[in-house]
Every structure is written in C-alpha cells, then in structure tokens.
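Encoded as structure tokens, the structure appears first; notes follow it.
The values are calculated or read from the model by the stated rules, or taken from the named source; none is laboratory data. Please read all numbers here as calculations on a predicted model, not as lab measurements. Cβ atoms come from the backbone with ideal geometry, glycine included; neighbour counts cover every protein chain shown.
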C-alpha cells in the first residue's frame, strides 16, 4: 500500500470514528435532556413542565435478550421474533417507538428485566435452545440501545427487575422477591450461586447488581429505575432491600426517577396505599433527608390480585374509592407527598376470567350476570379508572403490547391492547382496551 493510499484509509477510519463518537454523544445528550425530577406529587422535566407519564408494558424481554420486535406488515407479537441480532431489530424498534408516540400518545414503556441476564450479559442461545444454531447477544447492549432509540422519540424507559431468572427458567407462578426466595426454584438457585456460593450476602449482591445497572444506564435521563415488580411477601425484608437499593443508586450520584411499590396492587377494602408513608419514612431516615425523585407505584385491575368485585365501575364511584383516606391521600399528606403512578393496569378480556367470576360473585353481592354483562362491567371500570387517573394526575401504563389471539393463548388473561395479528397502516388495530387508552391521552 503506498503512502497516499494508507493516509486516505487512515483518514476514512478517523472520520468514521469521529462520526460514531458524535452520534453517541448526541444520543447521550438527547437522553440527558429528558431528565425528570419530582416536586410534591408532580413529575417535572428539566424546564419545570409537568410530565404526565403514559406508558405501555412491553412483552418479550424476559424470553429474548434482544427483545421481540415487529414493524408494519409483520406479526405484532410472535415467538419467532426471539434471538434476532440487535442491529436487525433497530428498524422494527424505531417503527414501534414511533407508533407508540404518534398513534398511542405514549411517552413511557415498561420493560421487564431478568436479573440473571443482566448479570451474565453475554447470553448464549444454545444454553436455552441447544437444538438450534447458537448466537450470543449482549443483554446490556440491547437495553442501552433501546434506551437510546427511545430517547429519539421522547420516550422514557421504566426498567423493572421481574424475576431473578429469565423466562426460560422461572416457573411463571411465584419466584419470590429480594429477601424472600422459594427453595428448589431456579431463582433460589441463581441467588445462591451469586451470594452464598460466591462468599457474599444477598444485599452485597444487590449493591453490585444495581451499581452495574446505574453505571451503564444512569447517564440517560430517560431511564426510570423500578426496584421490583409486584412485591408482597415479607414487608420487613423487602423494605430493607428497597432502602439499600435506593441508597446504592443515590450513592453513585445518580438522580434518575426511581419507582417503588409494595403489594400486588390496590383493591378497595382489601389492599390500600397505607404502606406509602411507612416506606417514605424509612427512606427519609436512611438518607437523613426527604428522598429524592421517588415515585410510588401500584397496579389497578378490576379482577386482580384475585377475582373480586370491590371496585366500582362508574366514574364517580371509582373517584370516591380512590379518594378514600387509605388510598390516594396516603401519598399526598404532610408526612408523605410523592407522585403516584399506576404503572401496570389493563382489561383482562377473556371468557375464562369472566366465567370464573361467577364462583365468587356471591361473596361480593354480584348476583347472576351474563358473560356480556361481566365484560361490560370490566370495560366500564377500565374507562373509569383511566379518566380518574388523568384527573388526579396519576400516571398510567397499559398492559400488554400484543394481540388478543396471543394474549389468551399464552395465559395472559386477555391483557392485550390490539386485535389484529398484523401491523396494518400506522399501527396494529387497537381493541376496546387500546381504543379507550388512546381516547384518554
């Protein structure tokens, strides 16, 4: 190679490197500009404008370290989308994020994280599907790429540890939570391998885990750290985990918004928000000052955590339930004022759910109802809870981004937002839950 050619090659390589650095710098600056902070029960952007969080729960990230993505003309959700290279998913990721923003009026997505995949990082397909050709994907790179792409569309990413192990291993029934692990489960075995077998305590492991997450993703202001999904086993152990995880995040100088929750959700007369002041007080005592940029979350379903009829199904009646002393006011008092987000909620639109209700209706005075009447009651509640959340400045996150045929077939109890199997036009066709969610933007 002559000197002129060599110099030309070097110039091209340097130019390419500079371009890559500039693109990455732009992405980081864009994401930083989306940083959120709290004031009272409001969530604000860097300019002091109120941000009303409207989210959609993602699906597939527990089963594929590169997510499960589709675009126009493709199936909305299919198990064949697993294990595709990150770069192959980029156009589909962008199409979906743009659809969320422009059609669904969404500014947040909720992504479940298997703790083990983040810890391992480079995930080999042959470990879980030995019968197919092997491929290795960096789960950390996938999540960082998703965060970067989401920022381009003004979308926040709620990153939520869901289980200690990925979707290939957990039982889908009960995998415990920090401080509480069920023996003989895959989660228990993993936690043992990274704690007792490695000569460290569980809290030391969580410190290392959260430190690695914050160090990789904490520079992006559009990241929200959710500390766990639907805890509800041992309050003392879990609150201890919450406090220590929060201290780890803030100890690294990170000020991203942090979501916290206790119990599966709220149900009038059974599960309330009375835990909120207690957790707030523990955080305040641990830090020696009011917790910074913390939002409490809970989940609202008419049927969940178990088939019940305590929820009303008209706007005024649901409003009264939410405003009862043990509900929303628990997060808006002199002792505890924090933003509240319903970061998982939806219609469980499946016949087997409505039919099962008939066995418990007598307990709650439901009487005899037809299948159509039960479905109508569910729809009325969904409309009422969405409108009340908006009026009360409570953020919302609909669950789940997939089509009806898949959600019921795979045991998701009809928790879908779209009815069509294929993308058509600017978005898959929304079902009733999806249309109502869009209408309340």
- Scanning segment 407-428 for residues that are assigned to a loop (DSSP other than H, G, I, E, B), at pLDDT below 90 and within 17 Å of residue 379 (Cβ to Cβ) gives 413
- Query: Got at least one residue in segment 404-412 being buried (at least 16 other Cβ atoms within 10 Å of the Cβ), within 19 Å of the chain's Cα centre (by Cα) and within 18 Å of residue 98 (Cα to Cα)?
  - Reply: no
- Message: Name the single residue that is nearest to the chain's Cα centre (by Cα) among those in segment 328-340 being surrounded by 20 or more Cβ atoms within 10 Å (Cβ to Cβ) and in a loop (DSSP other than H, G, I, E, B).
- Response: 339
- Item | Output for segment 41-52, where each listed residue is part of a loop (DSSP other than H, G, I, E, B) and either free of Cβ contacts under 8 Å to residues at least 12 places away in the same chain or crowded, with 23+ Cβ neighbours inside 10 Å (or both) | 45, 47, 48, 49
- Item | Output for segment 191-232, where each listed residue is without any contact (Cβ under 8 Å) to a residue 12 or more places away in the chain and in a helix (DSSP H, G or I) | 192, 193, 196, 197, 198, 204, 208
- If you go through segment 109-129 one residue at a time, do you hit one that is crowded, with 22+ Cβ neighbours inside 10 Å, modelled with pLDDT of 95 or more and over 20 Å from the mean Cα position of the chain (by Cα)? yes
- Query: Can you name the residue in segment 274-314 that is under 18 Å from the mean Cα position of the chain (by Cα) and not in a strand (DSSP E or B) and is also surrounded by the fewest Cβ atoms within 10 Å (Cβ to Cβ) among such residues?
  - Reply: 305
- Message: If a residue must be farther than 27 Å from residue 68 by Cβ, modelled with pLDDT of 95 or more and out of contact with any helix residue (DSSP H, G or I) (no Cβ under 8 Å at 6 or more places or on another chain), how many such residues does segment 360-406 contain?
- Response: 4
- Criterion: within 26 Å of the chain's Cα centre (by Cα), surrounded by 21 or more Cβ atoms within 10 Å (Cβ to Cβ) and at negative phi - qualifying residue of 343, 323: 343
- Message: Among the listed residues 416, 398, 384, identify the single one that is crowded, with 18+ Cβ neighbours inside 10 Å and closer than 24 Å to residue 294 by Cβ.
- Response: 398
- Message: Tell me yes or no: at least one residue of segment 81-89 is more than 30 Å from residue 208 (Cα to Cα) and assigned to a loop (DSSP other than H, G, I, E, B).
- Response: no
- Query: Going by the structure shown, is residue 234 touching a helix residue (DSSP H, G or I) at 6+ places or on another chain (Cβ under 9 Å), surrounded by fewer than 18 Cβ atoms within 10 Å (Cβ to Cβ) and more than 23 Å from residue 37 (Cβ to Cβ)?
  - Reply: no
- Please state which of the following conditions residue 31 fails to meet, knowing it meets all the rest: (1) modelled with pLDDT under 95; (2) more than 25 Å from the chain's Cα centre (by Cα); (3) closer than 30 Å to residue 331 by Cβ. (2)
- Query: If you go through segment 185-193 one residue at a time, do you hit one that is at pLDDT below 95 and loosely packed, with under 15 Cβ neighbours inside 10 Å?
  - Reply: no
- Query: residue 252 fails exactly one of the following numbered conditions: (1) out of contact with any helix residue (DSSP H, G or I) (no Cβ under 8 Å at 6 or more places or on another chain); (2) surrounded by fewer than 20 Cβ atoms within 10 Å (Cβ to Cβ). What is the number of that condition?
  - Reply: (1)
- So residue 175 fits all but one of (1) part of a loop (DSSP other than H, G, I, E, B); (2) closer than 22 Å to residue 224 by Cβ; (3) modelled with pLDDT under 95; what number is the exception? (2)
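Quick grid of which residues meet (1) crowded, with 22+ Cβ neighbours inside 10 Å; (2) under 26 Å from residue 186 (Cα atoms); (3) in contact with a helix residue (DSSP H, G or I) (Cβ under 8 Å, 6 or more places away or on another chain):
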position	(1), (2), (3)
137	no, yes, yes
140	no, yes, yes
145	no, no, yes
152	no, no, yes
158	yes, yes, no
165	yes, yes, yes
